[in-house]
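Here's the structure we're looking at; comments come further down.
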Amino acid sequence: MQVSSHTELLSRIRSLQKQQSSATDNKLDDLYVLERWLSSCGQDIELPYPVSFALSEKPDVVLHSGDRTISIEVTKFLAKQRARATKIANHMGVGHSPSRFEFDSPNLTNKQIEGMVGDIPFDPSSWRETRSPLRMYAEKILGIVTAKAKKVIQEATCKCSYNILVIEDHHHLANYDRSILARRLRLPAPNVCTPEIYCFDEVWFSSAQTSQSHCDAPIVWKHS
């Protein structure tokens, strides 16, 4: 389907969300990430309208405009164990500290997580030394870019002339922390730009929150 404006593209995505809500092939999460990115960062996103819009697998979305083919790959920046802990805590109706279930946290069963959420104040014996969160996040973002570049550029089912990666931040980093990440990560970085892994033309690190807040400023890396 061809769309002629940003508003029309958002309308098309919301229509697809309704269709996907009852489908067995679940692209719904991708569509919600895409919608939030377009809604919160729309004024800074440059797409060559009119474009034809289609869902895909490798990449998630393909846009065609004249002789240009643009890929958009979306993903969430969220520690899986942190997501599990949030789901369990919500189900139990208790609070929890998400930082206990970070990317580098020990593997835990659901039963162990149930015993930890709501445990505030924590028993000091359960504390553990952690690495610098921002250093860890920087490494994780580079890892995501590398893995997604392999999927979307090397192994793509549709080869595109321009490639965009959207990483949605579910850790809700404040703008100060985002500015530090932006300085630490100068994409394309040497360990991402190798002969085997080709860089994205744009990498966005955007908040999962679409409302204006203290943690809503996106980080954007673009090829110069």
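The values are calculated or read from the model by the stated rules, or taken from the named source; none is laboratory data. All values reported here derive from a predicted model rather than from experimental measurement. Positions of Cβ are generated from backbone atoms using ideal geometry, with glycine treated the same way; all protein chains shown enter the neighbour counts.
Data for the structure
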read-out: Residue list for region 28-60, restricted to those being surrounded by 19 or more Cβ atoms within 10 Å (Cβ to Cβ) and more than 21 Å from residue 162 (Cα to Cα); value: 40
read-out: Residues of region 62-77 satisfying the condition of being surrounded by fewer than 20 Cβ atoms within 10 Å (Cβ to Cβ), β-branched (Val, Ile, Thr) and closer than 13 Å to residue 203 by Cβ; value: 75
read-out: Qualifying residue in region 121-132 (condition: charged (D, E, K, R), modelled with pLDDT of 80 or more and either part of a helix (DSSP H, G or I) or surrounded by fewer than 18 Cβ atoms within 10 Å (Cβ to Cβ) (or both)); value: no
read-out: All positions within region 1-53 that are under 20 Å from residue 203 (Cα atoms), acidic (Asp, Glu) and in a helix (DSSP H, G or I); value: 29, 30, 35, 44
read-out: Of all residues in region 1-27 being within 19 Å of the chain's Cα centre (by Cα) and crowded, with 18+ Cβ neighbours inside 10 Å, the one that is farthest from residue 156 (Cα to Cα); value: 13
read-out: Residue within region 27-35 that is among the aromatic types (Phe, Trp, Tyr) and either out of contact with any helix residue (DSSP H, G or I) (no Cβ under 8 Å at 6 or more places or on another chain) or in contact (Cβ under 8 Å) with a residue 24 or more places away in the chain (or both) present; value: no
read-out: Identity of the residue in region 78-107, loosely packed, with under 15 Cβ neighbours inside 10 Å and among the aliphatic types (A, V, I, L, M), that ends up nearest to residue 200 (Cα to Cα); value: 83
read-out: Residue selected from region 195-205 under the condition surrounded by 13 or more Cβ atoms within 10 Å (Cβ to Cβ) and at pLDDT below 85, by the criterion farthest from residue 44 (Cα to Cα); value: 197
read-out: Residues of region 83-98 satisfying the condition of being in contact (Cβ under 8 Å) with a residue 24 or more places away in the chain and assigned to a helix (DSSP H, G or I); value: 83, 84, 85, 88, 89, 92, 98
